[in-house]
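Quick notes on the structure that follows.
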Amino acid sequence: MNKVDFVRKLMQQKGINESNFVLCLYSQPDLYFDYDTKGLKFHHKEWKFYYDLLESLVVKRGVVTMDGITVEAYVESQEQEFQDRYNQYGGYEIIKRGIEIVETSNVDTYYREIQRYNVLFNLIKFGYPVQEHWDEIAKKDLQQLSDYFESKMQDIFLNTTLGNDKVIDLMRGMDKMVVKANEGKMAGLPLTSKLMNGVQNGLRLGNITMLGAHSGVGKSFMTVLQHVIGCIQQNEPILIIANEEDADKWQQELLTFYINNKYPHAHFNKGRFYQGEFTKEELAMLNKGVVWYRSIRDNLVRFVSMNQFSMNKTISLIKQHAKAYDIKYFVLDTMKLDNDTTEKVGDNSWLQMQQNMVRLYNTIKESNLNVHVWVTTQLSKGKANSRFLDQSNIGIAKNIVDVASSVMLMRTLTNYEKDPKSDSKLIVKDSRGQEVNLNPDEEYVIIFWAKNRQGSIFDQVVLKVNRGENTFRDVGTCRLDRDLE
């Protein structure tokens, strides 16, 4: 076989993978967000055309299910030249026939094969005798090819997903870093509590922030007050991925916050949503809250409730909304085992959670999507009476915090800690260093930082809260000794 015929054969084989990959995306459009095709070259014009068409439908039109009417309507809205090319390549009939036979479960294989053939064509372009060594390299996958040629032709693999880590001179660029810091570009989205934000120093992109508490302490409550409300106030879009509470519950949290912050003497308790028969005053305040939230920009707070938790689904949702809607802040409430896990409690279930957190971080880190995820988790029941909270309170899955930049742990204050006559009285000081008197009849929570790459882990923050009315007030800080557990 001469060189021309050999290259033509490779081109035919690559075309098969290009067609299968693109047709998988038409069959299941949400797969589009799972694959970065910026460096993925299509050698066959028709499949590049169909891919660009799909990209326009999914990203610009928000199409989630492909059908002939939708595709044809979009094509008819384009210029005549575009329509002519569409008809020349076979129109929707090609898509329809392909969807019927393509296996979307093989989409990863098609994607990697396209990359592999791109590498082979680059090798040929740079003069490597691929044909002569075909028996040796024909069955090598992308990683094996990379290992095989790494010492000779590293540049060939720059456009694949194997990574592109760079070694830099650390002494250069310091001036740019200082400018960025001075302009506030390195600051994260602030928490609404000034005391908490003073310790946390914001929620920086490319990082995971975790909030842990025992069941019923108020993880979702604190998430709404410290993060979701903060996003609303900063006009920053956010996606909430929930697997424990439905949309109604989160809407109730937001409306209760609005009423009691807009009307401080209203004392509207969110328990009223379960009692019904609102008074005229309550209904008026609720309707004003609805109008106010609806007056904010559309889709500022997006919400999805998972019937069954899956980290695969979570990562897919984050990719989709980060790329299509430029969302940079996400909430995962609550981190748990995948519902379809085959592991049994007491086996290696902790390892799956740890691996899932690593996968989540690799998705959102600065060198990838560069977004922030706020993750809530439940603390171990075995240490429910701990006075000082640290990573050991998370239980057997405590290593899930390894990839988090900040880990906040929360509990309520005990009656002994609020009692001024008790030996266990908690010493809380305000910003002036003055001791604060705690009211035994009020409810307080204390926030510990088990990990904080952006600040201190030695100070704890005390807030006065009313979980029924969705309000909080900064009280002060303290330094609880670990030895006092």
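Restricted to region 254-343, the set of helices (runs of 4 or more DSSP H) holding at least 2 residues that are of a type in the set (D, E, K, R) and in contact (Cβ under 8 Å) with a residue 24 or more places away in the chain comprises 311-325. Scanning region 1-37 for residues that are closer than 30 Å to T363 by Cβ, without any contact (Cβ under 8 Å) to a residue 60 or more places away in the chain and open to solvent by 70 Å² or more (accessible area, probe 1.4 Å) returns a single hit, I16. Within region 416-468, the set of residues being basic (K, R), closer than 30 Å to N207 by Cβ and assigned to a loop (DSSP other than H, G, I, E, B) comprises R453, R467.
One line per residue, one yes/no per condition, for (1) acidic (D, E); (2) open to solvent by 40 Å² or more (accessible area, probe 1.4 Å); (3) more than 15 Å from N20 (Cα to Cα):
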{"residue": "V107", "(1), (2), (3)": "no, no, no"}
{"residue": "Y110", "(1), (2), (3)": "no, no, no"}
{"residue": "N118", "(1), (2), (3)": "no, no, yes"}
{"residue": "K125", "(1), (2), (3)": "no, yes, yes"}
{"residue": "Q131", "(1), (2), (3)": "no, yes, yes"}
{"residue": "I137", "(1), (2), (3)": "no, no, yes"}
{"residue": "K140", "(1), (2), (3)": "no, yes, yes"}
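Can you pull out the residues in region 300-309 that are surrounded by 17 or more Cβ atoms within 10 Å (Cβ to Cβ) and either of a type in the set (D, E) or modelled with pLDDT under 90 (or both)? F309, the sole residue that qualifies.
Among the residues of region 23-42, is there at least one that is part of a loop (DSSP other than H, G, I, E, B) and of a type in the set (A, V, I, L, M)? Outline the logic, then answer.
Step one: of region 23-42, the residues part of a loop (DSSP other than H, G, I, E, B) are 28, 35-42.
With of a type in the set (A, V, I, L, M) added as a condition, the list becomes 40.
Scanning region 23-42, I find at least one residue that is part of a loop (DSSP other than H, G, I, E, B) and of a type in the set (A, V, I, L, M), so the answer is yes.
Output the residues belonging to region 203-232 that are part of a helix (DSSP H, G or I), among the polar types (S, T, N, Q) and at pLDDT 95 or above. Walk me through it before giving the result.
To start, the set of residues in region 203-232 that are part of a helix (DSSP H, G or I) comprises 219-232.
Of the ones still in play, those that are also among the polar types (S, T, N, Q) are 220, 223, 226.
Hits for region 203-232 are T223, Q226.
Remark: K176 falls outside the filter, which requires a residue to be charged (D, E, K, R) and touching a Leu at 6+ places or on another chain (Cβ under 9 Å).
So which residues in region 162-196 are open to solvent by 100 Å² or more (accessible area, probe 1.4 Å) and modelled with pLDDT under 75? Correct list: D165, K166, V167, I168, K185.
Checked against the criteria, W47 counts as touching a Ser or Thr at 6+ places or on another chain (Cβ under 6 Å), more than 25 Å from H321 (Cβ to Cβ) and either of a type in the set (A, V, I, L, M, F, W, C) or open to solvent by 40 Å² or more (accessible area, probe 1.4 Å) (or both).
Only one of V71, V102, V58 is in contact with a Cys (Cβ under 8 Å, 6 or more places away or on another chain), crowded, with 18+ Cβ neighbours inside 10 Å and farther than 25 Å from K3 by Cα. Can you tell me which? Working first, answer last.
Numbers: V71 fails: in contact with a Cys (Cβ under 8 Å, 6 or more places away or on another chain); V58 fails: in contact with a Cys (Cβ under 8 Å, 6 or more places away or on another chain).
Being in contact with a Cys (Cβ under 8 Å, 6 or more places away or on another chain), crowded, with 18+ Cβ neighbours inside 10 Å and farther than 25 Å from K3 by Cα holds for just one of V71, V102, V58, which is V102.
Only one of the numbered conditions (1) touching a residue at least 60 places away in the same chain (Cβ under 8 Å); (2) out of contact with any Gly (no Cβ under 8 Å at 6 or more places or on another chain) is not met by M186, and that is (1).
Keeping to region 197-252, report how many residues are of a type in the set (S, T, N, Q), open to solvent by 10 Å² or more (accessible area, probe 1.4 Å) and either within 13 Å of T334 (Cβ to Cβ) or touching a residue at least 60 places away in the same chain (Cβ under 8 Å) (or both). Outline the logic, then answer.
Here is the first cut: in region 197-252, the ones of a type in the set (S, T, N, Q) are 197, 200-201, 207, 209, 215, 220, 223, 226, 233-235, 243, 251-252.
Within this subset, residues satisfying the condition of being open to solvent by 10 Å² or more (accessible area, probe 1.4 Å) are 197, 201, 207, 215, 220, 233-235, 243, 251-252.
Filter once more, so that each one left must be either within 13 Å of T334 (Cβ to Cβ) or touching a residue at least 60 places away in the same chain (Cβ under 8 Å) (or both): 201, 207, 215, 220, 235, 243.
Adding up the residues that qualify gives 6.
Looking across region 353-406 at every residue that is of a type in the set (G, A, S) and crowded, with 16+ Cβ neighbours inside 10 Å, the one that is nearest to K451 (Cα to Cα) is identified as S406.
Residue-wise test of (1) without any contact (Cβ under 8 Å) to a residue 40 or more places away in the chain; (2) surrounded by fewer than 15 Cβ atoms within 10 Å (Cβ to Cβ); (3) under 17 Å from R473 (Cα atoms).
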| residue | (1), (2), (3) |
| --- | --- |
| M408 | no, no, no |
| L413 | no, no, yes |
| E417 | yes, no, no |
| P420 | yes, yes, no |
| K429 | no, no, yes |
| R432 | yes, yes, yes |
| N437 | yes, yes, yes |
| D441 | yes, yes, yes |
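With respect to the conditions (1) in contact with a helix residue (DSSP H, G or I) (Cβ under 8 Å, 6 or more places away or on another chain); (2) assigned to a helix (DSSP H, G or I), E93 lacks only one, and its number is (1).
Filter region 13-54 down to residues that are in contact with a Cys (Cβ under 8 Å, 6 or more places away or on another chain) and hydroxyl-bearing (S, T, Y), then give me how many there are. Quick ask: steps written out before the conclusion?
Within region 13-54, the subset in contact with a Cys (Cβ under 8 Å, 6 or more places away or on another chain) is 31.
With the extra rule that they be hydroxyl-bearing (S, T, Y), the set shrinks to none.
Within region 13-54, residues that are in contact with a Cys (Cβ under 8 Å, 6 or more places away or on another chain) and hydroxyl-bearing (S, T, Y) number 0.
Scan region 188-199 for residues that are outside any strand (DSSP E or B) and within 19 Å of the chain's Cα centre (by Cα) and the total you get is 3. The single condition among (1) in contact with a His (Cβ under 9 Å, 6 or more places away or on another chain); (2) over 19 Å from Y329 (Cβ atoms); (3) open to solvent by 30 Å² or more (accessible area, probe 1.4 Å) that N260 does not satisfy is (3). Check whether at least one residue in region 256-268 is at pLDDT 95 or above, within 29 Å of V358 (Cβ to Cβ) and among the β-branched types (V, I, T), and report yes or no. Looking for residues that are at pLDDT 95 or above, within 29 Å of V358 (Cβ to Cβ) and among the β-branched types (V, I, T), one finds none in region 256-268, hence no. Residues that are within 23 Å of E245 (Cβ to Cβ), touching an Asp or Glu at 6+ places or on another chain (Cβ under 8 Å) and polar (S, T, N, Q): does region 383-392 have at least one? Within region 383-392, none of the residues are within 23 Å of E245 (Cβ to Cβ), touching an Asp or Glu at 6+ places or on another chain (Cβ under 8 Å) and polar (S, T, N, Q).
The values are calculated or read from the model by the stated rules, or taken from the named source; none is laboratory data. All of these numbers come straight from a predicted model, not from anything done at the bench. Every residue, glycine as well, gets a Cβ built from its backbone with ideal geometry; the counts of neighbours run over all protein chains shown. The accessibility values were calculated without ligands, DNA or RNA, using every heavy atom of the protein model including side chains. Shrake-Rupley method; radii C 1.70, N 1.55, O 1.52, S 1.80 Å.
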